[in-house]
Amino acid sequence: MLPILYRDDRLIAIHKPSGLLVHRTALDRNETRFAVQLLRDQIGQRVYPVHRLDKGTSGVLLFALDKDMCREMSWQFERQQVDKRYIAVVRGHSDDAGRIDYPLSRRPDDLEWIGETVDTTPQAAVTDYRTLARIELPIAVDRYPSSRYSLLELTPHTGRRHQLRRHLKHIAHPIIGDATHGKGRHNRMFTEHFGSQRLLLACVAMQLSHPDSGQPLLLQAPPADDFMQVMEQLGWRAALEDALRGHAESGTIRS
């Protein structure tokens with residue numbers, strides 16, 4: 001059963017676990033479980049995803065319950081009117097805060113792989129980050145006797161495909177568990193020492209205007225147990241909970 005974070009007559013939000021695809025994709029032909037189908041069977045009606053999360057990313061995933069609402073919500077996402085907040089564990093000690101303003105080439109959607117010519121001209125992409133915690137572990141991973149990591153809160157202002165993973169690689173702080181854009185040695189160390197089998201990236205909060213009422217709607221998903229187990233081992237639970245508590249108490253995720 002997928003955990004339901006919010007539901008009304010036209011919208012439903014779930015906490016998507018890491019390792020679950022949102023929908024069927026030609027890029028992962030062997031996968032047989034999808035959030036769209038699981039949620040449809042769970043609630044007994046069709047659902048329409050209005051945005052996407054990567055397979056490895058957990059957290060807030062929003063669906064519409066009819067096509068008109070899907071168009072309305074997709075419009076908000078396309079116009080960057082939905083505020084999203086993520087957390088990630090990255091390699092290295094990051095700056096206290098910063099902005100990554102780095103255009104990203106367009107990544108084709110599934111249907112565009114089938115014989116279509118896709119314009120891959122780089123598109124504007126902006127991500128803000130702030131560092132919640134840092135640690136230096138007495139574990140040799142590369143050529144140094146110790147290894148450094150940071151816990152980041154991420155705010156994407158655009159919605160390019162794999163934006164956060166690509167942006168963090170660009171500033172040399174790749175996300176732990178990212179097999180495509182990360183570093184295999186560090187990923188393996190987190191598996192061996194902390195039992196982490198996932199991408200350490202989660203969407204913990206999302207704020208939007210409900211198209212029917214116009215009222216702000218704040219959706220929150222505390223990190224999943226497999227993410228929190230890593231936080232416990234690194235001593236970062238308090239720092240993370242403080243950040244999440246700030247969202248809840250203010251009723252907003254705007255900075």
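The values are calculated or read from the model by the stated rules, or taken from the named source; none is laboratory data. Keep in mind that this is a model prediction, so the values were computed, not measured. Quick reminder, even Gly has a Cβ in these numbers, built from the backbone with ideal geometry, and neighbours come from all protein chains shown. Quick note on the areas: whole protein, heavy atoms, side chains included, nothing else; ligands and nucleic acids left out. Shrake-Rupley method; radii C 1.70, N 1.55, O 1.52, S 1.80 Å.
Kindly report the accessible area of region 1-111 per residue (heavy atoms of protein chains, probe 1.4 Å, no ligands, DNA or RNA), in Å².
Details: 5750 Å² over 111 residues.
Accessible surface, normalised per residue, equals 52 Å².
Counting only protein heavy atoms and a probe of 1.4 Å, the accessible surface of the chain is 46% carbon and sulfur.
Would you please name the trypsin sites (Lys or Arg not before Pro) within region 130-188 that are DSSP coil residues with at most 12 other C-beta atoms within 10 Å of their C-beta?
Working: sites: 130, 134, 143, 148, 160, 161, 165, 166, 169, 183, 185, 188; in loops: 143, 160, 161, 183.
Answer in residue order: 143.
Compared with the dominant principal axis of the Cα atoms in the chain, helix 225-234 is inclined by about 20°.
Among the trypsin sites (Lys or Arg not before Pro) in region 1-67, those placed in a DSSP loop whose Cβ has at most 10 other Cβ atoms within 10 Å are 29, 33.
Between the beta carbons of residue 209 and residue 43, assuming R0 = 25 Å, the FRET efficiency works out to 0.60 to the nearest 0.05. Taking every alpha-carbon pair under 8 Å whose residues sit at least 6 apart, the chain reaches a relative contact order of 20 percent.
Relative to the longest principal axis of the Cα atoms of the chain, the long axis of helix 67-78 makes an angle of roughly 40 degrees. Across the options 86, 102, 45, the greatest Cα extent toward the positive end of the charge dipole of the chain (unit charges at beta carbon of Lys, Arg, Asp, Glu) belongs to 102.
Each Lys and Arg contributes +1 and each Asp and Glu -1, all at the Cβ; summed about the Cα centre of the chain, the dipole is approximately 540 debye. Among 73, 18, 195, whose Cα lies farthest out toward the positive end of the dipole of the chain, if unit charges sit on the beta carbon of Lys, Arg (+1) and Asp, Glu (-1)? Towards the positive end, the residue furthest out is 195. Placing a label point 7 Å from the Cα of residue 128 along the Cα-to-Cβ line, the residues of region 87-106 whose backbone N sits under 14 Å from it are 97-101. Modelled this way, with points 7 Å down the Cα-to-C-beta line, the labels at residue 95 and residue 218 are 2.8 nm from one another.
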